[in-house]
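The values are calculated or read from the model by the stated rules, or taken from the named source; none is laboratory data. What you see is a predicted model; the values in this text were computed from it and never measured. Neighbour counts run over all protein chains shown; Cβ positions are idealised from the backbone, glycine included. Areas reflect the complete protein model, heavy atoms only, side chains present, ligands, DNA and RNA absent. Shrake-Rupley method; radii C 1.70, N 1.55, O 1.52, S 1.80 Å.
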Amino acid sequence: MGENVGISRRSVLKAVPVAVLAAGSGGILARPAVAAAAFPQPVVRRARSASGGPAAVLDQTLDVRFTTLSVPGYGTVTTRTYNGTIPGPTLRARAGDVLWLTQVNGLPPNPVEPAGPAGMSGMPGMSGPAHHGGHNRPHRVNTFNLHTHGLHVSPSGRADNILREFPPRTADEAAAGAPEPRYLTTVQIPADHPAGTYWYHPHAHGATAEQIAGGMAGVIVIEGDVDEVPQIKAAADLVVCINELRVKGGRVPDFTSGDALAAVPPTFTVNGEVNPVLVLRPGEVQRWRLVAATAFTALSLQVADGERKLTLHQIAMDGVTFPAPVATEVVPLGVGNRADVLVRGGEAGTYELRAKGVPVPLMTIEVAGEAVQPPMELPTSLPQGMPFLDEKDIANPGGDRRVVFHVDPKVFAQPFPNAYRVLGSHPTPAADPGGDLTRDPAYGLFDPEYVNHTLELGTVERWTIHTDETMPIFHHPFHLHTNHVLVTHRNGERLDPPVWQDTVDLTGGKPGDTVTLLVKYEDFTGRTVLHCHQLQHEDLGMMQLVEYVRPRRPEPAGWPGWPQQPGWPGWPGRPRPLDH
């Protein structure tokens, strides 16, 4: 788009389930502020220019194994980690770079019979029950893969392919002293990729919730145009990665029943610590990259000292920069969302970053020290990360795709009695179409062999996403891999302007939330998924298979040697895919 379109407070309010917006203020650009040394930051790995090559390469090993580590503010935890830390290293690159990620699976063999002590089947030296529950049950808990969440990159081959699996050694291989297996992920970042905040995490179906509940996650930063805005460049750039650990007795319980993880009280960490302290000088501006690296809990965030609040100037959502900052007191993040905000220190005091419904602060902000004079400036406009889509470009205006998140409670046998289904316009077919669909073992559940949506590149389509949950405490965040979605309506109200997201939270109610999206399928073919990003639901089947394909076109009439008759391969009414 040629014009710089502003984004309104009202638009952000509607784009997320809950938001409270307030006015901000301007200032004068000052020298860069230095963040407090005590505030933890993940280790940073950067792309480096390859000798003689046009692109920089981020060559990084991600070593996955059980690690016993001290979590400040909590105690000792034994859990699966990337490189022995929670979160894993922050990966920094630019558009056009290549991520070359070697993953070592140093986890023990997947559990086999006989069963070991309850709750420890995935731990080193322990054996547990073999998996006998179908693919929509927790299984192969020490197998993982890699998802670069939010990046617009290929979902195929060795790239962001969540249909791959990276298993550990078998018991026989481990006993024989075989080397730990290594798996390569190579991700080519497009030259026009939006600069912003993204993240990576495992995505092996049946093991995702348990692994992320133990802290397996890390941040990806794509650097670019927004970082060169003078007021942003002057600000300290801080990762604020919020992990949600479900630990009991210092370990993540096995996901052996419907409430095995959900019933464990969460321990929230920021960059690996419980309630760390950050120092912000009066008048200083910092950039916080807020990452909801959670598996279960949505976070409606605000910074307050009693009745006093710090204004959060949001500049991006899910990696896509706004046309202009939005001043707000609340930034709602669903599971998997990210938000970049600018925060300027105001009146001295002790403030807390808090989330609605979470009884303890996530981190403490001390506004203290010598004031920055004059106060650092805030930008008034930004380089918009992605142009908006136009509803006039919808390929099939009367053929919207519909997704309905639906739960049938207590219809299956224990220990997983609930059916977590994706219904709507393209559900997975029932095993018994004439039977009781509420108890059907296949209807609306993930089938790795059934493509629910075939999506043609270059096409703009409209989707309607709905949850029929009746209680507001139940969330179903919608996540489509590979392409961002443009949120145009929430609960029937138009957003003006709309907001780009890759994960869209929906809460229950009477009625539950309904969101309308526009999506343009671009650049990459291959199979991937959409799913509920409440990851326990995803592991239990609340997911669909999608396939991005090249556009189809009818063949010209009368292929040589073929009569023009309906049903013959050369008949123009029978399209075929373009050659790959």
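Can we say PRO253 is touching a residue at least 60 places away in the same chain (Cβ under 8 Å) and in a loop (DSSP other than H, G, I, E, B)?
So PRO253 fits the description; yes.
How many residues does region 461-504 hold that are closer than 23 Å to PRO409 by Cβ, open to solvent by 10 Å² or more (accessible area, probe 1.4 Å) and not in a strand (DSSP E or B)?
Qualifying residue count, region 461-504: 7.
If you check GLU210, GLU180, GLU223, GLU228, which single one turns out to be of a type in the set (D, E, K, R), over 19 Å from PRO108 (Cα atoms) and touching a residue at least 40 places away in the same chain (Cβ under 8 Å)?
Sole residue among the options that is of a type in the set (D, E, K, R), over 19 Å from PRO108 (Cα atoms) and touching a residue at least 40 places away in the same chain (Cβ under 8 Å): GLU223.
Within the set of pairs 6+ apart or on separate chains, which have a first residue in region 313-325 that is at positive phi and in the same structural domain as ASN483 (by the TED database), a second that is β-branched (Val, Ile, Thr) and surrounded by fewer than 24 Cβ atoms within 10 Å (Cβ to Cβ), and C-beta atoms under 6 Å apart?
none
Which of the residues belonging to region 291-310 are under 28 Å from ALA262 (Cα atoms), not polar (S, T, N, Q) and not in a loop (DSSP other than H, G, I, E, B)?
Within region 291-310, VAL291, ALA292, ALA293, LEU299, LEU301, VAL303 qualify.
Do you know which residues across region 259-286 are in a loop (DSSP other than H, G, I, E, B) and open to solvent by 30 Å² or more (accessible area, probe 1.4 Å)?
ASP259, ALA262, ALA263, PRO265, PRO266, VAL274, ASN275, ARG281
Would you pick out the residues in region 431-444 that are in contact with a strand residue (DSSP E or B) (Cβ under 6 Å, 6 or more places away or on another chain) and buried (at least 20 other Cβ atoms within 10 Å of the Cβ)?
Across region 431-444, the qualifying residue is only GLY444.
Would you point out which residue out of ASP305, ASP259 is within 22 Å of LEU506 (Cα to Cα), acidic (Asp, Glu) and modelled with pLDDT under 95?
ASP259
To keep it simple, each residue is scored yes or no on (1) assigned to a loop (DSSP other than H, G, I, E, B); (2) within 23 Å of ALA56 (Cα to Cα); (3) open to solvent by 30 Å² or more (accessible area, probe 1.4 Å); (4) not assigned by the TED database to the domain that holds VAL335.
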{"residue": "ALA174", "(1), (2), (3), (4)": "no, no, yes, no"}
{"residue": "THR185", "(1), (2), (3), (4)": "no, yes, no, no"}
{"residue": "ALA191", "(1), (2), (3), (4)": "yes, yes, yes, no"}
{"residue": "TYR200", "(1), (2), (3), (4)": "no, yes, no, no"}
{"residue": "ALA204", "(1), (2), (3), (4)": "yes, no, no, no"}
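Filter region 539-563 for residues that are out of contact with any Cys (no Cβ under 9 Å at 6 or more places or on another chain), at pLDDT 95 or above and part of a loop (DSSP other than H, G, I, E, B) and give the result.
Within region 539-563, LEU540, GLY541, ARG550 qualify.
Right, VAL372: open to solvent by less than 30 Å² (accessible area, probe 1.4 Å), in contact with a strand residue (DSSP E or B) (Cβ under 8 Å, 6 or more places away or on another chain) and at negative phi or not?
Taking the combined requirement at face value, the residue satisfies it.
Check region 340-359 and report whether any residue there is farther than 26 Å from GLY319 by Cβ, free of Cβ contacts under 8 Å to residues at least 12 places away in the same chain and assigned by the TED database to the domain that holds GLU223.
The answer is yes; a qualifying residue exists.
Could you list all residues from region 392-415 that are open to solvent by 60 Å² or more (accessible area, probe 1.4 Å) and farther than 30 Å from ASP436 by Cβ?
Hits for region 392-415 are LYS392, ASP393, ALA395, ASN396, PRO397, GLY398.
Quick one: which of VAL331, VAL360, VAL403, VAL341 is at pLDDT 95 or above and either closer than 23 Å to HIS537 by Cβ or in contact with a helix residue (DSSP H, G or I) (Cβ under 7 Å, 6 or more places away or on another chain) (or both)?
Of VAL331, VAL360, VAL403, VAL341, the one residue that is at pLDDT 95 or above and either closer than 23 Å to HIS537 by Cβ or in contact with a helix residue (DSSP H, G or I) (Cβ under 7 Å, 6 or more places away or on another chain) (or both) is VAL403.
Would you mind stating whether ASP505 is among the charged types (D, E, K, R) and over 13 Å from the mean Cα position of the chain (by Cα)?
no
Out of VAL372, VAL403, VAL411, which single residue is in the same structural domain as GLN544 (by the TED database), in a loop (DSSP other than H, G, I, E, B) and in contact (Cβ under 8 Å) with a residue 24 or more places away in the chain?
VAL411
When you check ASP318 against the structure, is it among the acidic types (Asp, Glu) and within 25 Å of ALA95 (Cα to Cα), yes or no?
Criteria met by ASP318.
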